[in-house]
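Just below is one structure, and these are the notes that go with it.
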Amino acid sequence: MNFVKHELIKENTIEQRLYQQLILASAIKGNTLVVAPTALGKTVIAVMLSAYRLSKFRDGKVVMLAPTKPLAVQHANSFRKFLKLPEDKIVVFTGQVNSEKRKKLFKEAKVICATPQVLQNDIIAGSYTLRDVVLLVFDEAHRAVGDYAYVFIAKKYIEQAENPHILGLTASPGSSEEKILEVCRNLFISNIEIRTESDPDVKPYIKGVDISWVKVELPKELKEIKKYLESCFKELVLELKSFGINISDFTKKELLSVRESIISEIESNPSEELYKAVAIVSACINVQHALELLETQGLEPLRKYFHKMKVSSSKASKILFENDSFYRAYFYSQKYDVEHPKLKKLVEIVEEKVKQGKKGIVFVQYRDTARKIVDELSRVAKPVRFVGQANKDEDKGLTQKQQIEILNRFRKGYYDVLVATSVAEEGLDIPKVDFVIFYEPIPSEIRSIQRRGRTGRASAGEVIVLVTKNTRDEAFYWSSVYKEKRMKKLLLELREKLRKKNQLKAEVTEISRPPIGEKHVQRTLSEYRYKVVVDSRELASNVVKELLRQGVLPKPEKLEVGDYIVSDRVCVERKRIDDFIESIIDKRIFEQASRLKKAYEKPIIIVEGSKHSRNFNPNALRGAIVSLIVDFGIPVIFSDGEEETASIIALLAKREQEEEKREIQIRGEKKIMSTREMQEFIVASLPYVNTVLARRLLERFKTVEKVFTASKEELLEVKGIGIKIADEIRKILTAEYKP
């Protein structure tokens, strides 16, 4: 075996592979997107290009970005393994490293592996510039779309760096030309290198993956429920047609698009008919999700979803439970007790594989399904549930530390099957597995490629896809196949165009960037004529990025009052429409208004989003706005979104700082809670209890102690406390603490 030789690469650590050398030679010439299946060593290419750039620019630095902390740590370990650099010169930046320490480490380090949000925040805060970074690597580069931090960082890097060079790594940048071009534009890519398992220079290193499909039949009980749900959906679509609204494609994407268009119409022409149409479209979305759960997961997840809808107060849920077909589907879901056939088939397959001494991953869409599968597989294997961190559901998930520990135990043989959600698809160093099972097909070609890439690394692997006949399982599978073929075709076409023209058609323009040195960076900072102090919790918002674009420099501080300080008298509180409405419901907005008015002479509240985007009494909304204006003297301004919010703040800064010559001054002291407020705060920490319910509980029981010792029956006497909330309160108060 021949190894790569370079002054900055440790001897006998990187095997010479022709395709990697060819990609490297191409990447040296300009900003490059590398598209290759998992396990072909994209990280190794990044390491070799880093060695080249650090040798060429001795005072330079390399930054490698990865979406998660475990992945950033994994990359740092790879750089330490391969590069001849002192270990303390290769550092990891995550939110767990405080900003002052990051500032010091950045100055001293040669390689920085970071999560994008942290780097973005540091750039905005002015902790350091990217002037000396000679290579910026974007792992999972397909994320560089929309508002993701990669987009902002790439732009700032091109503006600030003396010798910029970009490398993007991904298994799939997307199946549409528009998506691929967006990634390339946002990362200033001028060159694409694509490799597939069938390329001649790759074949010797691919062990091969055998893909098979195991089909199961939906039981007659589930077919009956499916029939009623489909009947309900047709009835809802017919009702929409009576409003002049036609739905041609029944996908969730199409339904969401229809709903957004109706909401837009409501803004200019509100009517009861349109409000009802929005609720019906939402009901259609609910039915489609119920069908997906039924067809791909089974009765238990469907019953949980039905329960959530039943206890919901939304208009969509009310429409559904008043529909005879839907109610029959609900009734039979409670009556029947039959498992989805995929579960039994999965147990049979895994039992056979484990008996052969094999290890594998079962990929699932939903956390509840993962838990159920682990319970069933425990009879024939040593499975472990592998999910992401906490989400909006009650499921707390796994911390990143717990994820790493599980992978280590899996590697050592304590477990032989990972039952994983999407967290195991992207980037993480999953130990070698012999087989991968898709519990359900997925329509995303990116996720499908990433899942398959988890096997067939060191030896031949096997991929098994479980498919329920005549359901969306089949549609999802063929959708991902079509998208993957389309993606490969588009990439090959773009690669050829690049080789001929050295640019991505007319859509990707040549980047004109003047030489930037230290003086230029300082001059750029001084060109910000206006400044605002921004609450550090706002740094991740696009408002901050848009302010920078408009020539306003945000200075982050932890603010006790307001979100944006424009001068010694003007302060802006920014709220999204949903948060604004919630703050009206629980009266929080008036407490905030009082604090704003005490601290600043001319406070302003900016609300982002449509006033019609949520079912809320319009008169209650108007009444709250009138109260803020008349009682507190605080104007309320509505904006279409973050860009308009930034424009308003920029105009305020110009008026206050240029025309009025006023200085910025942070006001407002940390709020000291009264006894009453502290009591409300403590009670409001109980499950599903907001400030309004906390006050009702305290009015009924008089003391916090009596609230905590109240029985379930006593709690139910309080308005707004139902069986579910009462049960959860008693559960949390009586559960034994387990460290």
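The values are calculated or read from the model by the stated rules, or taken from the named source; none is laboratory data. All of these numbers come straight from a predicted model, not from anything done at the bench. Don't worry about glycine lacking a Cβ; one is built from the backbone with ideal geometry, like all the others, and counts go over all protein chains shown.
Quick notes on this structure:
- Any chance TYR305 is hydroxyl-bearing (Ser, Thr, Tyr) and in contact with an Asp or Glu (Cβ under 9 Å, 6 or more places away or on another chain): no
- Breaking point among (1) over 23 Å from HIS6 (Cβ atoms); (2) surrounded by fewer than 24 Cβ atoms within 10 Å (Cβ to Cβ), for ALA66: (2)
- Meets criteria (at positive phi, in contact (Cβ under 8 Å) with a residue 24 or more places away in the chain and surrounded by fewer than 23 Cβ atoms within 10 Å (Cβ to Cβ)) for GLY41: yes
- Among the residues of this structure, LYS310 counts as one that is charged (D, E, K, R) and in a helix (DSSP H, G or I).
- Pick from segment 305-320, criterion surrounded by 15 or more Cβ atoms within 10 Å (Cβ to Cβ) and not aliphatic (A, V, I, L, M), ranking: nearest to VAL467 (Cα to Cα): TYR305
- Screening the candidates LYS344, LYS353 for the property of being in a helix (DSSP H, G or I), closer than 14 Å to GLU462 by Cα and either at pLDDT 90 or above or hydrophobic (A, V, I, L, M, F, W, C) (or both) yields one hit, LYS353.
- Answer residue from segment 411-466, given it is at pLDDT 85 or above and in contact with a Pro (Cβ under 7 Å, 6 or more places away or on another chain) and is farthest from LEU71 (Cα to Cα) among those: VAL465
- Scanning segment 1-21 for residues being touching a residue at least 40 places away in the same chain (Cβ under 8 Å) and within 34 Å of the chain's Cα centre (by Cα) gives a total of 2.
- Hey, GLU339 in a loop (DSSP other than H, G, I, E, B) and either within 32 Å of the chain's Cα centre (by Cα) or in contact (Cβ under 8 Å) with a residue 12 or more places away in the chain (or both) or not: yes
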